[in-house]
């Protein structure tokens, strides 16, 4: 399913206009195109992370852990390629990521980072649904976020097996609802991982995203 680009504008471009941090920017576009590019950027992040996890297995990774992590990797790659195909010429470029803060040889470092990314992805989809105008896109996003929530629960169960951590109080509230984050709460957490060349980080320009009708209180940062 290709995305119509009538409201896309000059998307997927890297500009030399630099903000206060001296970073180049990647324009997400506007309207539904911007929302899909926003999701595409997050799926690129997750797909690349889990690819590195499988290519560089941590010490002591069990057969079952590898099976779970590789299943997640496959799903994230499928999500990434779906957005790439659907967006076509309106897609942002392939991003490069900096995972130097992650010790890929250490189980705790890898799984905690995986938890952070999956929890962040679920909350991002939860907050982005209200921004979509095309109901077909909303249906697809709903299918993807349910898959992402399964990933998050699986990672949490690897960290604390057979406990309530799979749906902990930090991600599910007293009403049984998951955490919601709008783009202004998600991008500051994702942008530090996005780079261009070594000295030239690229920051996602989300100025064309629709304004959320509902902005939740900022939840505890998943990095905490």
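The values are calculated or read from the model by the stated rules, or taken from the named source; none is laboratory data. The structure presented is a predicted model; accordingly, all values stated were derived computationally and were not measured. We place every Cβ from the backbone using ideal geometry, glycine too, and count neighbours over all the protein chains shown.
Table: residues versus (1) crowded, with 17+ Cβ neighbours inside 10 Å; (2) more than 30 Å from residue 213 (Cα to Cα).
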site: 69; (1), (2): yes, yes
site: 92; (1), (2): yes, no
site: 102; (1), (2): yes, yes
site: 108; (1), (2): no, yes
site: 111; (1), (2): yes, yes
site: 132; (1), (2): yes, no
site: 142; (1), (2): no, no
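Applying a threshold of 6 Å to beta carbon distances and a minimum spacing of six or more residues, or different chains, the list of pairs starting in the stretch 34-49 at a residue that is without any contact (Cβ under 8 Å) to a residue 40 or more places away in the chain and on the phi < 0 side of the Ramachandran plot and ending at one that is surrounded by fewer than 24 Cβ atoms within 10 Å (Cβ to Cβ) and in a helix (DSSP H, G or I) reads 47/77; 47/80.
Here is a yes/no grid of residues against (1) assigned to a helix (DSSP H, G or I); (2) closer than 17 Å to residue 80 by Cα; (3) out of contact with any strand residue (DSSP E or B) (no Cβ under 9 Å at 6 or more places or on another chain):
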| residue | (1), (2), (3) |
| --- | --- |
| 130 | yes, no, yes |
| 137 | yes, yes, yes |
| 140 | yes, yes, yes |
| 147 | yes, yes, yes |
| 155 | yes, no, yes |
| 162 | no, no, yes |
| 165 | yes, no, yes |
| 175 | no, no, yes |
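Hey, among the residues in the stretch 197-222 that are modelled with pLDDT under 85 and not in a loop (DSSP other than H, G, I, E, B), which one's nearest to residue 123 (Cα to Cα)? Looking at the filtered set, the residue picked out is 203.
The set of residues from the stretch 23-40 being in contact with a helix residue (DSSP H, G or I) (Cβ under 7 Å, 6 or more places away or on another chain) and within 16 Å of residue 93 (Cα to Cα) comprises 28, 29, 33, 35, 36, 37, 38, 39, 40. When the test is whether a residue is out of contact with any helix residue (DSSP H, G or I) (no Cβ under 6 Å at 6 or more places or on another chain) and under 18 Å from residue 182 (Cα atoms), residue 112 does not pass it. Please indicate, with yes or no, whether at least one residue in the stretch 160-178 is modelled with pLDDT of 90 or more, on the phi < 0 side of the Ramachandran plot and crowded, with 20+ Cβ neighbours inside 10 Å. No, there is no match, as no residue in the stretch 160-178 is modelled with pLDDT of 90 or more, on the phi < 0 side of the Ramachandran plot and crowded, with 20+ Cβ neighbours inside 10 Å.
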